[in-house]
Amino acid sequence: MTDHELDRRLTAAFEVKPSPDFLAHLRVVIVADPPPTRWRLSLSFAAPGAVLVVAAGIAVIVGWLAGEQTIPSPLPVSVSHNEPIQSVLAVEQHAVGSSASQPRVLGARPRVKSGVAPLATSSLPEVLISPDEVRGFGLLITSAQKATIPAVLPTDDVSTSETLTVPPIDITPVDIEPLPQMARLEQGDHPQ
Amino acid sequence: MHERAEFLAGSLVKLDEDLDREFEARLVETSTLAFRVAFGVLRHQQDAEDVAQEAFAKAYRSFRQLKDRDRFRAWLVRMTWRTAIDRRRSNRRRGAHEVGAEMMQLTAASGFVATRDPAQDQAAELWAAIDTLPDKLRMVIVLASIEGHDVREVAVLLGIPEGTVKSRLFLARQRLKETLR
């Protein structure tokens, strides 16, 4: 077979034409297809929209953290170094004057601003101090100021220094009789 | 603000209309090409039309993404070819269309059965020979035989070097000549 003959047969084989309504069918298919352009455009707005959502999320988190920092703090973190001592002294004087049956919390509970208080202090638990500790600590401070350390802490409760006397214990001896069977065995009386 | 939104919406509608108009022009220009490419794989009129429609629907959905509109023909040809290959595979899986409906006069058992039309016989013989070619050679010979594409145009359509097209075309023609001898 020559090249010319092959070309002729190939050309004839591919001279096939689509049906007359093929183009009309194509148009119908494309019209029935959902319009792609709007979808593509919405995709182009997707990236800025995502950035906006992320920014809003960050703003909400930052706002929430700022709110966390304004919770009441148990410690007077914004006062000067002398103020805790004065507060303790005030509590000590108050405790000596009263019955001191209820534990008290040192210091006031000021609302700490975010610029003043470190973030870590906001999570510290509230500390309860017993009256004895308050009294002892106050006495220690006043003694230190006067340069005299007391050997024994004064206490209102004298019952702790009393000595209790224990009565003597009388124990009577108990005789335990051996079991009959064991007694017979010890005496050499073997069972039949 | 409202006027601006209206202007934007109007622009978008105009953009859509322009795109639709451009796609319509491409559709008229390349519909027969797509059909013939599909027919070169499937050898079945209705299947080829279905595949061409499917390829055009895909092209329409992605038309906006196509940056270089001059490459639409090559893009469509490759898309049609892939869709046709997929269709042929699924047809073979179903066991249908093993032989094209229009070539049903041929029977595998008795080899080539002559009909009353010599031209039809020649065409059937040629298609049987083309069917023996591997897909790479088949694609080149199909595209070179459609609409008088030369080697350079086939290379552009397939996105491969001209030298590769030349060698594949030579090999394909040699095999066809041997089969049809």
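The values are calculated or read from the model by the stated rules, or taken from the named source; none is laboratory data. It should be emphasised that the depicted structure is a prediction, and the values quoted were computed from it without experimental measurement. Heads up, the Cβs are rebuilt from the backbone with ideal geometry, glycines too, and the neighbour counts pull from every protein chain shown.
Couple of notes before you dig in:
- The stretch A:16-34, residues that are more than 7 Å from chain B (Cβ to nearest Cβ) and either under 13 Å from B:GLU54 (Cα atoms) or modelled with pLDDT under 85 (or both): A:ARG27, A:VAL28, A:VAL31, A:ALA32, A:PRO34
- Taken as a whole, the condition of being surrounded by 10 or more Cβ atoms within 10 Å (Cβ to Cβ), at pLDDT below 80 and under 40 Å from the mean Cα position of the chain (by Cα) does not apply to A:SER130.
Listed here are the residues, each with its yes/no results for (1) out of contact with any Pro (no Cβ under 6 Å at 6 or more places or on another chain); (2) part of a helix (DSSP H, G or I); (3) under 24 Å from B:ILE85 (Cβ atoms); (4) more than 10 Å from every other protein chain (Cβ to nearest Cβ).
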position: B:ASP121; (1), (2), (3), (4): yes, yes, no, yes
position: B:ALA124; (1), (2), (3), (4): yes, yes, yes, no
position: B:ALA128; (1), (2), (3), (4): yes, yes, yes, yes
position: B:LEU133; (1), (2), (3), (4): yes, no, yes, yes
position: B:LEU137; (1), (2), (3), (4): yes, yes, yes, yes
position: B:VAL142; (1), (2), (3), (4): yes, yes, yes, no
position: B:GLU153; (1), (2), (3), (4): yes, yes, yes, yes
position: B:ILE160; (1), (2), (3), (4): yes, no, yes, yes
position: B:LYS166; (1), (2), (3), (4): yes, yes, yes, yes
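- Residues satisfying the stated conditions in the stretch A:159-183, i.e. at pLDDT below 80 and of a type in the set (Ser, Thr, Tyr): A:SER159, A:THR160, A:SER161, A:THR163, A:THR165
- Pick from the stretch B:54-86, criterion surrounded by 21 or more Cβ atoms within 10 Å (Cβ to Cβ) and either touching a Ser or Thr at 6+ places or on another chain (Cβ under 7 Å) or free of Cβ contacts under 8 Å to residues at least 12 places away in the same chain (or both), ranking: farthest from A:PHE22 (Cα to Cα): B:LEU76
- Hey, B:ALA48 under 29 Å from B:ASP131 (Cα atoms), in a helix (DSSP H, G or I) and either more than 9 Å from chain A (Cβ to nearest Cβ) or not hydroxyl-bearing (Ser, Thr, Tyr) (or both) or not: yes
- Residues of the stretch B:51-70 that turn out to be more than 7 Å from chain A (Cβ to nearest Cβ), under 12 Å from the mean Cα position of the chain (by Cα) and within 14 Å of B:ARG26 (Cβ to Cβ), as a count: 2
- Scoring A:LEU41 on the criteria (1) exposed (fewer than 13 other Cβ atoms within 10 Å of the Cβ); (2) modelled with pLDDT under 85; (3) farther than 26 Å from B:ASP47 by Cβ; (4) within 9 Å of chain B (Cβ to nearest Cβ) leaves a single failure, condition (1).
- Taking the criterion of being more than 7 Å from chain A (Cβ to nearest Cβ), under 12 Å from the mean Cα position of the chain (by Cα), farther than 12 Å from B:THR83 by Cα and not β-branched (Val, Ile, Thr), the only residue of the stretch B:21-39 that qualifies is B:LEU33.
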